1. Just to be sure, is I33 within 23 Å of the chain's Cα centre (by Cα) and among the aliphatic types (A, V, I, L, M)?
2. Go through segment 17-36 and count every residue that is out of contact with any helix residue (DSSP H, G or I) (no Cβ under 8 Å at 6 or more places or on another chain) and open to solvent by 40 Å² or more (accessible area, probe 1.4 Å).
3. Considering (1) part of a helix (DSSP H, G or I); (2) surrounded by fewer than 12 Cβ atoms within 10 Å (Cβ to Cβ); (3) among the acidic types (D, E), say which one E295 fails and leave the rest.
4. Checking A161 against (1) open to solvent by 10 Å² or more (accessible area, probe 1.4 Å); (2) small (G, A, S); (3) over 19 Å from G259 (Cα atoms), which single condition isn't satisfied?
5. Need a quick list: strands (runs of 3 or more DSSP E) entirely within segment 142-188 having at least 2 residues that are out of contact with any His (no Cβ under 7 Å at 6 or more places or on another chain) and within 30 Å of L73 (Cα to Cα).
6. Please return the ranges of helices (runs of 4 or more DSSP H) entirely within segment 1-72 where 2 or more residues are touching a residue at least 60 places away in the same chain (Cβ under 8 Å) and under 26 Å from Q123 (Cβ atoms).
Amino acid sequence: MAVMTYREALRETLREEMRRDDDILLLGEEIGIFEGSYKITAGLLDEFGPKRVRDTPIAEEGFVGAAIGAAMLGLRPIVEIMTINFSLLALDQIVNHAAKIYGMFGGQTSVPMVIRTPGGGGQQLGATHSQNIELYYAFVPGLKVVAPSTPADARALLTAAITDDDPVLFLENLALYNTKGEVPESVAPAQIGRAAVTRTGTDITLIGYSRMATVCTAVAERLAGEGISAEVIDLRSLRPLDRDTLVASVRKTGCAVIGEDDWLTYGIGAEIAASISDGAFDYLDAPVRRVAMAEVPLPYAKPLETLALPSVDSLYTAASQTLAAVGTRR
């Protein structure tokens, strides 16, 4: 296995898939000459040329729409939107066209495209550049939404997204780009819609995705030092959602804490909690708890921004309170 950063895993996957399939092309702002705002596409213009690595105007609705048309005609475009916040400018194209064309036209044409976009706070980019609005897209039938947390998963899920015949929103997190991990030289595509049990346990289930999956792992390690066995589930996919894995885990442990980098009200965690209630209510020894961002536009000031974001400490506190409640009931 090679050790590489999340950023490098994405770049190498793009390069490998573009070498494999001449129908793959990249579109986005500053992805060519400037090599991308986060350098994911570094070197790809030199290797594949401007026909397949295309710098676009600052017009998200326009270049996402162009990608949809290209996908309908047989190409496999990969769009980079500089941040998920800017995807709002292309909301009509994503929700009303990419997600619906296959169904509205009776399967006569598919839309095999990937939209890569990062989100997340902690970088002092201000409230309008630090959002996690993946719920907007996970809500929409016709889209697939994935959110890898490790370099290995980034490679496996991006490969799966590129080879999928449906539109896939591929969520990255700015805080993960420099994280490192082992990545197999030969990576099989992940199964979109399948969560990963990254750590087995018997006392409590910790559930997260993207950055919060890594926070769940850190909390599980902290709890292990206290003799508590925590199971960690990395969702990996928000649509489809792997409810079976969630329910099976909670039926075993009897309690769960969900960590999410979005707002608590109407957030991803609400859907997970409802799924657990539907499938494992009789097995619960304590209410499902959720840990999320403060319900405010994210502050710019670093101390306030840090306080507003979910953390190892806040998730650990919720897990400890849940375990205490379980102890009084068993």
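The values are calculated or read from the model by the stated rules, or taken from the named source; none is laboratory data. Values in this document were obtained by computation on a predicted structure and should not be read as measured data. Cβ atoms come from the backbone with ideal geometry, glycine included; neighbour counts cover every protein chain shown. Accessible surface is based on the protein model in full, side chains and every heavy atom, while ligands, DNA and RNA are left aside. Shrake-Rupley method; radii C 1.70, N 1.55, O 1.52, S 1.80 Å.
1. On the way: within 23 Å of the chain's Cα centre (by Cα): no; among the aliphatic types (A, V, I, L, M): yes.
Considered against the rule, which asks whether it is within 23 Å of the chain's Cα centre (by Cα) and among the aliphatic types (A, V, I, L, M), I33 comes out as no.
2. Number of matching residues: 6.
3. In the conditions (1) part of a helix (DSSP H, G or I); (2) surrounded by fewer than 12 Cβ atoms within 10 Å (Cβ to Cβ); (3) among the acidic types (D, E), E295 misses (1) alone.
4. Failing condition for A161: (1).
5. 144-146, 168-173
6. Values: elements: 6-20, 44-48, 60-72.
So the answer is 6-20.
Residue-by-condition table, conditions (1) open to solvent by 20 Å² or more (accessible area, probe 1.4 Å); (2) more than 16 Å from G120 (Cα to Cα); (3) in contact (Cβ under 8 Å) with a residue 12 or more places away in the chain:
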{"position": "V250", "(1), (2), (3)": "no, yes, yes"}
{"position": "I258", "(1), (2), (3)": "no, yes, yes"}
{"position": "D262", "(1), (2), (3)": "no, no, yes"}
{"position": "T265", "(1), (2), (3)": "yes, yes, yes"}
{"position": "I276", "(1), (2), (3)": "no, yes, yes"}
{"position": "D285", "(1), (2), (3)": "yes, yes, yes"}
{"position": "Y300", "(1), (2), (3)": "yes, no, yes"}
{"position": "T317", "(1), (2), (3)": "yes, yes, no"}
{"position": "T328", "(1), (2), (3)": "yes, yes, no"}
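To keep it simple, each residue is scored yes or no on (1) at negative phi; (2) part of a strand (DSSP E or B); (3) within 16 Å of the chain's Cα centre (by Cα).
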| residue | (1), (2), (3) |
| --- | --- |
| R194 | yes, no, yes |
| I207 | yes, yes, yes |
| M212 | yes, no, yes |
| C216 | yes, no, yes |
| L223 | yes, no, no |
